[in-house]
Amino acid sequence: MSPAALWVTVLVASALCLGVKLAGHLVPAHRMASPRVARTADLVTAALLAALVVVQAVGGDREIVLDARLPALAVAAVALALRAPFVVVVVLAAATAAALRALGAA
């Protein structure tokens, strides 16, 4: 893809994102107050976050990569399940990834 085509793609995608966000502000408040809509919005948010985490944890350059990120994610999940503070979760995950990389295990 040429640099010009790439920039056109980025600008069009940005304009579409802005349009979707603006359209969301035009939806009447009474439509968003429905319990069904609120539940759907909550579920979509959680699903998108889960998808982003999975892509970042095992995504590579068009392939699945199993490296230090996956055990670090598992350690973070256990820390969250044990209700550790967020800073502790981040430090534990980072330390796990760093230790595995230092040992050459992942």
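Coordinate-derived values only; no laboratory data. The structure presented is a predicted model; accordingly, all values stated were derived computationally and were not measured. Cβ atoms come from the backbone with ideal geometry, glycine included; neighbour counts cover every protein chain shown.
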* Mind telling me which of Ala15, Ala46, Ala84 comes out most flexible in a GNM of the chain, alpha-carbon contacts under 10 Å? => Ala15
* To do: Any chance you could run the full-extension gain for Val87 through Leu48? It's 0.36 nm times the residue separation minus the Cα-Cα distance, nm to one decimal.
  => 11.8 nm
* Ranked highest first by the average count of other Cβ atoms within 10 Å around their residues, in what order do 66-78, 20-32 fall? -> 66-78, 20-32
* Asked: Hey, what angle do you get for helix 69-81 against the long axis of the chain, alpha-carbon based, 0 to 90 degrees rounded to 10?
  -> 80
* Asked: Which number comes out as Rg/Rh for region 29-103 once both Rg and the Kirkwood Rh are worked out on C-alpha atoms?
  -> 1.15
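About its Cα centre, what dipole magnitude does the chain give when the only charges are +1 on Lys and Arg Cβ and -1 on Asp and Glu Cβ, stated in debye to the nearest 20?
That gives a dipole near 360 debye.
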* To do: Report the FRET efficiency, 1/(1 + (r/R0)^6), for Met32 and Ala77, where r is their Cβ-Cβ distance and R0 is 22 Å, rounded to 0.05.
  => 0.10
* Structure fact -> Residue separation between Leu6 and Leu103 times 0.36 nm, minus their alpha-carbon distance, gives in nm 31.0 nm
